[in-house]
Amino acid sequence: MNSRNKGAVGERELAKVLKGYGYDCRRGQQYCGTNGDADVVGLPGLHIECKRVERLNLDDAMEQTKADARREEIPVVMHRKNNGKWRVTMSLEDFVTIYREWENNLTIKETES
């Protein structure tokens, strides 16, 4: 399988996994020739670069997603190897932003109880 086909298969696979979590995700528009679109769309606020490879240069993948992400999007790389689990890589700064939002929502729910 060539790398373009493997990438498309990986994007469809990731979209299906995210759908399993209840998110309406699908492949982005890259296959139509539009540059800068995320590989998988349907998680507002995230710019997803999907990598389905055995050897991944995470630095290059993160640079790609950061370059393509819009200002309001958090750049993430979702990746897996054969027979491996899907993983998410993002900057620590972006992780802390997401975690603080989750923590604030948890605190609000606790005070409402």
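Rule-based calculations on the coordinates, nothing more; no lab input. Computed from a prediction, not measured in an experiment: that's the story for all the values here. Note that each Cβ is placed from the backbone with ideal geometry, even for glycine, and that neighbours are counted across all protein chains shown.
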Using θ = phi - 60° and Karplus 6.51 cos²θ - 1.76 cosθ + 1.60, couplings along the range 41-49 (whole Hz; Gly, Pro as x): 10, x, 10, x, x, 10, 10, 9, 9
Residues of the range 1-25 with amide N under 12 Å of a point placed 7 Å along Cα→Cβ from TRP86: 10-25
Karplus-derived 3J(HN,Hα), 6.51/-1.76/1.60, for each residue of the range 21-29, Hz, glycine and proline x: 8, x, 9, 7, 9, 7, 4, x, 9
Ranked by how many other beta carbons lie within 10 Å on average, peptides 88-96, 76-84 from highest: 76-84, 88-96
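Would you list LEU46, LEU106 from fewest to most Cβ contacts within 10 Å? Intermediate values should be presented prior to the final figure.
Working: LEU46 20, LEU106 10.
Least crowded to most crowded, the residues run LEU106, LEU46.
By DSSP, what percent of the beta bridges with both residues in the range 3-112 are antiparallel, rounded to the nearest 5? If you can, show how the numbers build up before the last one.
Working: 6 of 12 bridges.
About 50 percent, rounded to the nearest 5.
Rg/Rh for the chain: what does it come to with C-alpha atoms and Rh from Kirkwood? Display every interim value, and only then the final one.
Values: Rg = 15.3 Å, Rh = 15.1 Å.
In the chain, Rg relative to Rh is 1.02.
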Set of lysines with alpha-carbon distance to LYS6 below 28 Å, sequence-local pairs under 8 removed: LYS16, LYS19, LYS51, LYS66, LYS81, LYS85
Long-range HN-HN contacts of LYS51 with modeled amide H, under 5 Å: MET78, HIS79, ARG80
Taking ILE108, ILE74, ILE98 and counting other C-beta atoms within 10 Å, the order from fewest to most: ILE108, ILE98, ILE74
Amide H partners (placed H, <5 Å) of CYS25, local residues excluded: LYS19
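Run lengths n ≥ 4 of DSSP H only: what is the helix-derived mean residue ellipticity at 222 nm for the chain, with -39500 (n - 2.57) per run over all residues, to the nearest 500?
Numbers: 3 runs with 50 residues, N = 113.
For the chain, the value works out to -15000 deg cm²/dmol.
Around ASN82, what is the net charge, scoring Lys/Arg as +1 and Asp/Glu as -1 over all other residues with Cβ under 12 Å from its Cβ?
On the way: positive: LYS6, ARG52, ARG55, ARG80, LYS81, LYS85; negative: GLU13, GLU54.
Residues near ASN82 contribute +4 overall.
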